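**Student:** Structure provided below as C-alpha cells; questions to follow.
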Amino acid sequence: GKGDTQFIFSRMQRALADRIRIIKQRMKRGLEIDPVAFMLKKPKQFVRRKKEEKLQTTALAVLLDFSGSMTSVKDQLAYTIGAVGENFWKLRETAPQHFFYDLSSFTEETKTVISMGERLGEEENSQRLVTMANSVGDGGTAILPALQKKLEDFTGSRPARGAKVKYLILFTDGADSGAVREVNNRHAVTEEMAALLKKYQEAGIDVIAIGIGQTACIHRSRVA
C-alpha cells in the first residue's frame, strides 16, 4: 500500500545518511564568553557550530527475473517494481549527487529500464514502471550474462564507480545451469559464476540474491 511505500522510503533515506558532523566556523567579530580566558588575557575568538548531516554516495542496481516461470508471482513483482521504482526515483530527486540506481530485467537478454545516473520526470518514470510490470513472464533464464552486463554498466558509470556503497540485488525464482550446479545434492555456483562474483568483489560491489516464488532455489546471500 501507499503507507508501506512511504515507510520504506523513510527507511531508505535514513540509510543514506552517513554521519552527523559538527562544522566549526570562526567568526570575524565577537569573543567566546570564557571567564578563565579573560582572566588570563587570552580571549578566544567566537566560533559558530553548525550541525550537518553528511550523506554517503550510494549506487544500487536491481535486476529482476522476467522469465516465464515468474508469471506465478507476477503480482508480487508488479508491487516490487512500483515500490522500488517510485522510492528510488524520490531518493534520486532528494539526493541527486549522492544516489544513483539502475533498474533492469532479464530473460535470455537483459533490458535496462532506468540506467545508472539517468534523470527522469515523474510521469516518464511512472510510465516506464508500468511498461516494465506488464513485461513479466516471457522468456527463459540467463543469469550469468545478465550479471556480466550489469557489471559492465556499473563500472562504466563514473558516479557508480566512485560511490562509497555499491549493491546489486538479483530477484529470481531459480538459478539456471550457467549460474548454479548441483554437487552431492547441494547447490553451488559454477566456475564461471564464481569468477564473475570475484570481479564484483574486486569492484567493491556487494551482490545480494533473493529467491522469490515457490520454485526458488537461490537463498538470500551476500558476497562481501
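**Student:** Search region 204-220 for residues being modelled with pLDDT under 75 and among the small types (Gly, Ala, Ser), and hand back the single one that is nearest to Ala78 (Cα to Cα).
**Tutor:** Looking at the filtered set, the residue picked out is Gly213.
**Student:** Would you check which residues across region 68-91 are among the polar types (S, T, N, Q) and either more than 16 Å from Ala209 (Cα to Cα) or exposed (fewer than 15 other Cβ atoms within 10 Å of the Cβ) (or both) and list them?
**Tutor:** Selection gives Ser69, Thr71, Ser72, Gln76, Asn87.
The values are calculated or read from the model by the stated rules, or taken from the named source; none is laboratory data. Everything numeric here is computed off the predicted structure, so don't read it as measured data. Here the Cβ is made from the backbone with ideal geometry for all residues, glycine too, and neighbour counts use every protein chain on show.
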